[in-house]
Amino acid sequence: MASHSKFSNSTGKELPPKEQKPRQNTFKPPPKDRASIEVTVDAKSNHLQMLKPLHALGLNGSKDEILLAHSFNKGQIEWFKVGSALNLMATHMKAKVQQ
């Protein structure tokens, strides 16, 4: 006989309050004086990080500085740095063959 499980109701700050109606416009435009906005990010956060330039080295020896202004996490940024997961796997395979 199969057992049945029931999930408990979801809770958390990331969920909207129950009073919010579907398709309710909750957008608040930013203030016109954007210099007055201060953003604080916890250094221990696993989700948000302050932007730092990525120093890229081209195949022809050229150097470039790229500001990754996207919502990538640490793992995704590392993947970007190495080029791709396939390049990383190929590098590991070459290292194993050379051993």
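The values are calculated or read from the model by the stated rules, or taken from the named source; none is laboratory data. The structure presented is a predicted model; accordingly, all values stated were derived computationally and were not measured. Positions of Cβ are generated from backbone atoms using ideal geometry, with glycine treated the same way; all protein chains shown enter the neighbour counts.
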task: Name the residue, out of LYS21, LYS32, LYS13, that is at pLDDT 80 or above, loosely packed, with under 10 Cβ neighbours inside 10 Å and part of a loop (DSSP other than H, G, I, E, B).
output: LYS32
statement: Listed by first then second residue, the pairs whose first member lies in the stretch 43-70 and is under 15 Å from VAL82 (Cβ atoms) and modelled with pLDDT of 80 or more, whose partner is loosely packed, with under 10 Cβ neighbours inside 10 Å and of a type in the set (Lys, Arg), with beta carbons under 9 Å and at least 6 positions apart or on separate chains, are HIS55/LYS63; ALA56/LYS63; LEU57/LYS63
statement: Checked the stretch 35-47 for anything exposed (fewer than 10 other Cβ atoms within 10 Å of the Cβ) and aliphatic (A, V, I, L, M); matches are ALA35, ILE37, VAL39, ALA43
